[in-house]
Amino acid sequence: MEKGKLVELDIERPLQYRVVGNLYKGIVANVLPGMQAAFIDIGLEKNAFLYVDDVFTDESEESPPPSRATIEKLLRVGEEIMVQVIKEPFGSKGARVTGQITIPGRYLVLVPGADYIGVSRRIESQTERERLRREVEKLKPGELGLIVRTVAEGVDNEVMEQDLQFLVQLWNRILTRFQQKTAPAILYQDLSLTCRIARDLFVEEFSSFLVDDEHEYDKVREIVDYISPHLKSKVKLYKEKEPIFERYGVEKEIEKALSRQVWLKSGGYLVFDETEALTVVDVNTGRYIGRRNLADTILKTNLEAAEEIARQVRLRDIGGIIIIDFIDMSVEDHRRKVIDKLNASIKNDRTKTYVLGLTNLGLVEMTRKKVRQDLSEYLQQSCPYCSGSGKVLTPLVVSTRIESEMKSQLQQEKSEAVLVEMHHEVAAIIIGTGGVNLKKLEEELSRRIFIRGAEDVHIEKYRIVARGSQKEIQDLALPVKVGEVLDLTIEEPHSTNQNHGIARIHGFVVNIENAGDKVGQTVEVEIKDVNRTFARGVLK
């Protein structure tokens, strides 16, 4: 959390464990010259993808120039190689891997086979960059490359040397495992989530590291005591009765991050639309009308939107191409201010993010490196009813389809009567005013049809609940009898007579006189009349 707001959410579950960073002994399953790539069997559900430029080069900072060799000269089917996952598998795609290994420590990253020294670009002081390079040059062992991490800024030589010794020992163990294990096999698995956060993220700028599980708390304290003992006092065990996510408003922020629409404080709002190729963010003024002129209103909304978009992109972990449709600005200075605000707001994002500027259509284009599935992929799934379209058929269209299907199905049957259950909105259309549509349907099919509306039936579906004699089905379809006294909850006013209220018993409608003003109340009702499609009652 930054400034009291959630900016990053990492999720790790036993059934969805993270594979980025893991090292594998894999077997080359396919070599594809046309794609200049290979598929590697690393023991996961789908083979991993290895691009030609990743066979000997990595994507880290200051890496050497990519190899010009073709994939068929570098790899052959059946060959065993060591690879590291750099992108999680998602959708129909397997993991992406590289042959250039990087092993992260607290202050250094070991790059076996790459004889160079890199320094994190996030260390802005040129003097400090040169100091770190000199110190690491003294430590660098043989042909093992090193990258100095951002957290190493201001750290002395002894601490980095200790970190390097640990990394070299780990690399030697990995090499031994490579010789001993049969492919496909895992050689090295990165730390668990809380320990990775302690190693990679936890620095002096954080006010506290709160953990609500005693076992995880002990693990974090142990690793912090080893790598940054001066930060140990900031690791705290959360003991309050209120769940930690509720206490800090995390649950509400997650809900917002899963929503298509996000409101801004000014009254404007953002709309996020995601496809596999790109994400589009639309900015709207909404309820905000401003106190001065229109240009100032638009600028204020766009500036607030730029800051919130940067936070939402980071929180949702959106990767790939991002197109932002800010509200049109006629003043050049206003456009520049919005772009500057967006650039300033993405500075804290650890994932490589670039604002490419305005397109010819006045849209702002961004790119953000895609490493894993975004937040919605972890927490949501496509709707099993609409298959992700976000829309269902209207009750009128559904009623036409159901009538057609019922005619086709029931014409083949000999039962005297049937009870059919469907969504209550569709049921109302099929029954029609005064039951006129239902009577017509019964004449066509030469049988009695009882329709029961139900809330729990999907609007596009229906089910034939029972078949039998007219008396059997009538007794089953009509859940009330004349003279019965029942406690019923008024759900809504009658659609054509607001003085009357509507209650339902297993989807069967009860029209209650003079109960239109009692919506939400449970009242005592005497049944006065029972029809095939509804009953009439009065208040006791």
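The values are calculated or read from the model by the stated rules, or taken from the named source; none is laboratory data. Keep in mind that what you see is a predicted model, and the values were worked out from it rather than measured. Quick reminder, even Gly has a Cβ in these numbers, built from the backbone with ideal geometry, and neighbours come from all protein chains shown. Accessible surface areas use protein heavy atoms only, side chains included; no ligands, DNA or RNA. Shrake-Rupley method; radii C 1.70, N 1.55, O 1.52, S 1.80 Å.
Observations on the structure shown:
- Counting DSSP beta bridges with both ends in region 235-325, the antiparallel % (nearest 5): 65
- By DSSP, the beta bridges lying fully in the chain are antiparallel in about 75 percent of cases.
- Spatial separation of Cα centroids for region 296-373 and region 5-45, in angstrom: 30
- FRET efficiency for E12 and N293, using Cβ-Cβ distance with R0 set to 56 Å, rounded to 0.05: 0.65
- R0 of 35 Å, Cβ-Cβ distance Q470-S382: FRET efficiency to nearest 0.05: 0.20
- Distance between the modelled labels on S408 and L539, one decimal in nanometres: 4.9 nm (7 Å Cα→Cβ projection).
- Across region 349-356, computed HN-Hα scalar couplings (Karplus, 6.51 cos²θ - 1.76 cosθ + 1.60, θ = phi - 60°) run 6, 6, 7, 4, 9, 10, 9, 8 Hz from first to last residue, x flagging Gly and Pro.
- Near I322: Cβ cut-off under 10 Å, other residues only, Lys/Arg at +1 and Asp/Glu at -1. The net charge is -1.
- Summing charges over neighbours of D340, with a neighbour being any other residue whose Cβ is under 13 Å away from its Cβ, gives +2 when K and R count +1 and D and E count -1.
- Sparse packing (at most 11 other Cβ atoms within 10 Å of the Cβ) combined with a DSSP loop state is found for the following trypsin sites (Lys or Arg not before Pro) in region 119-174: R121.
- Entry comment: accessible area of region 223-301 is 66 Å² per residue, from protein heavy atoms only and a probe of 1.4 Å.
- Under a 5 Å amide H cut-off, with hydrogens placed 1.01 Å from N, F49 pairs with I40, A95, R96, V97 among residues at least 5 apart or on other chains.
- For the residues I490, I339, a 1.4 Å probe over the protein chains yields an accessible-area ranking, largest first, of I339, I490.
- Region 121-166: C-alpha pair distances exceeding 14 Å, %: 45
- Each label point was placed 7 Å from the Cα along the Cα-to-Cβ direction; for E128 and K232 their separation is 2.5 nm.
- For the chain, the longest principal axis of the C-alpha atoms and the axis of helix 395-410 are separated by about 70°.
- Accessible surface calculations at 1.4 Å, restricted to protein heavy atoms, place region 404-525 at 54 Å² per residue.
- The calculated 222 nm mean residue ellipticity attributable to helices in the chain amounts to -9000 deg cm²/dmol, summing -39500 (n - 2.57) over DSSP H runs of n ≥ 4 and dividing by all residues.
- Counting only protein chain heavy atoms and rolling a 1.4 Å probe, the accessible areas of C383, C195 rank, largest first, as C383, C195.
- Mean separation of Cα pairs under 8 Å and 6 or more residues apart, divided by the residue count, gives region 278-351 a relative contact order of 45 percent.
- Centre separation in Å (Cα based) which lies between region 506-540 and region 153-181: 77
- Crossing angle, helix 436-445 versus the chain [Cα axis fit, 0-90 degrees, rounded to tens]: 90
- Accessible surface comparison of R18, R336, probe 1.4 Å, protein chains only, largest first: the order is R336, R18.
- The chain, accessible surface, carbon-and-sulfur percent (1.4 angstrom probe): 48
- Principal-axis analysis of the Cα atoms of the chain puts helix 126-139 at an angle of about 70° to the longest axis.
- Summed over the residues of region 118-196 and divided among them, the accessible surface reaches 56 Å² per residue at a probe radius of 1.4 Å.
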